[in-house]
Amino acid sequence: MRAKAQMPWWILAACLSCGNLNACSSISPNFCREDQECGACAQCLDGTCVPAGLTCGDNQNGDSHSAGDGPAPADPGASGDTIKQGDSTPSGDDAPIQGVVWRELELPIDTQEIRAIWGRSDTEIFVGVGAHGKVLKLVDGHWQVWTQLRAEIPNSGINSLWGTANQLFVGTGSPSPVLIATDGVAFNFIAIDDGGSEGYPDSIADIHGLDDNEVYAVVAHYPGGSSLHRLGEETTTSLLSSPADAIRNLESVWVVAPDQLYLGGWGEISFYDHGSVIQEAIDWPDDWLPNEILGVFIADIVGVDDELYAVASHHFVFRRDDNLWTRVYGPDSPASSNSGGDLRAVAGCGNPTGQIAAVGSESLTGVTVALDRGNGWVDVSPSQRLDGMAIFSVEPGRFLVGGAVRGSFDGLLLEATIP
């Protein structure tokens, strides 16, 4: 084997930063020898080489896009068009992972950022919009305004959705958040009983449950603090004070059994068991300081098959192994974590088992969607400039991600298919 060509330090640094995330298509030129022997960081996401001077994106998508420009902008008329994201090459001897096919879905006019997605099946899916109390529903293959709760919550967006076969539970944002339970005909507005908690309820950050009568909501307070609520009577919720006492800033909840749930806060994950709160160990990078850890918020916790996953700011993904939340994706040091991006939602995406996807906002490496098919996390971000906030697994091998066009409040809904 011949020696590899030396690269300028700034290109090498970019390559090193993308080495684990396979983000070279958007942040660094692809350097290949003229005889097509790949040099350092020269392998494109589909496992091939391109001539020197071109980028991975030139080889993947058939169009030219300068490395310094960031991800290629979406075609203004691209609703319904497909975009093929190149394959990623995992470390070790595993074969290249097949790429993800992205399709932008058409939304009703004036749809603002999408904050929540939940569905009962691949044909009954709901989308929560971050303004004017608007919920969209998939009807005959088209997204339509299913209900607009603007009269009751004129300035609030929909922050969270969760449901059962009979009810859809809707959590709103500020001001004066409310939990709404609906069967599609009647709407029950459930007041948030703050029980004299610090500050006042500002928004419902997350909802999860087991059935119509075992539903929990995490509520953020202004100017600080949070509270955990359990659905009680149809007109109010009951306050569970212990988690608020133990965890000041709750962000996420996942229920595993009656009165047993996992809670994500700032710098911690805890297990709530019939009134007791047990803080769980998290595999943070060795050189992280306590104040740096407290600056990380656990945005989402989800059960996938027999495992639990959590995603967080700074692009962390954790998996619960016994009593430890093991870091399976994310930065190794505080310096590299200063990326300006967060992961906000995670979901299992089906066949085969162990296939997980996470969505968030763009980091220094350009990653907005990461995928693990059982042999390591890789970048499968779409070409659209996505600020991702929500994800939903439609069926095995197909999932939706929602959010906004980066730098705006314009809603963006994308469908991903894994061949």
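The values are calculated or read from the model by the stated rules, or taken from the named source; none is laboratory data. A quick note: this is a predicted structure, and the numbers were derived from the prediction, not measured. Reconstructed Cβ throughout: ideal geometry from the backbone, glycine too, with neighbour counts over all protein chains shown.
Here are some notes:
- If you go through the stretch 292-309 and keep only what is part of a strand (DSSP E or B) and of a type outside the set (Ser, Thr, Tyr), you end up with Phe297, Ile298, Ala299, Asp300, Ile301, Val302, Gly303, Val304, Glu307, Leu308.
- Residue tally, condition in contact with an Asp or Glu (Cβ under 9 Å, 6 or more places away or on another chain) and at positive phi, over the stretch 133-147: 1
- In the stretch 285-300, the residues that are over 19 Å from Leu250 (Cβ atoms) and at pLDDT 90 or above form no Cβ pair under 7 Å with any partner that is loosely packed, with under 10 Cβ neighbours inside 10 Å and of a type in the set (D, E, K, R), whether six or more places apart or across chains.
- Checked against the criterion of being more than 18 Å from Val369 (Cβ to Cβ), assigned by TED's automatic domain parsing to the domain that holds Leu400 and modelled with pLDDT under 85, the stretch 321-333 contains one or more residues that satisfy it.
- Checking the stretch 112-122 against the condition returns a match, with at least one residue being out of contact with any Leu (no Cβ under 8 Å at 6 or more places or on another chain), polar (S, T, N, Q) and surrounded by fewer than 16 Cβ atoms within 10 Å (Cβ to Cβ).
- Output for the stretch 366-378, where each listed residue is surrounded by 24 or more Cβ atoms within 10 Å (Cβ to Cβ) and farther than 18 Å from Tyr309 by Cα: Val367
- The set of residues from the stretch 311-326 being crowded, with 18+ Cβ neighbours inside 10 Å and either in a strand (DSSP E or B) or of a type in the set (Gly, Ala, Ser) (or both) comprises Val311, Ala312, Ser313, Phe316, Val317, Phe318, Arg319, Arg320, Trp325.
- Counting only strands (runs of 3 or more DSSP E) that sit completely within the stretch 361-419, those holding 1 or more residues that are modelled with pLDDT of 90 or more correspond to 369-372, 386-395, 398-405, 411-417.
- Qualifying residue in the stretch 261-268 (condition: touching a strand residue (DSSP E or B) at 6+ places or on another chain (Cβ under 8 Å), at pLDDT 90 or above, among the charged types (D, E, K, R) and surrounded by fewer than 15 Cβ atoms within 10 Å (Cβ to Cβ)): no
- Any hit, the stretch 289-296, residues being of a type in the set (A, V, I, L, M, F, W, C), crowded, with 21+ Cβ neighbours inside 10 Å and over 17 Å from Leu261 (Cβ atoms): yes
- Residues that are surrounded by fewer than 21 Cβ atoms within 10 Å (Cβ to Cβ) and closer than 15 Å to Thr368 by Cβ, drawn from the stretch 385-407: Arg385, Val405, Arg406, Gly407
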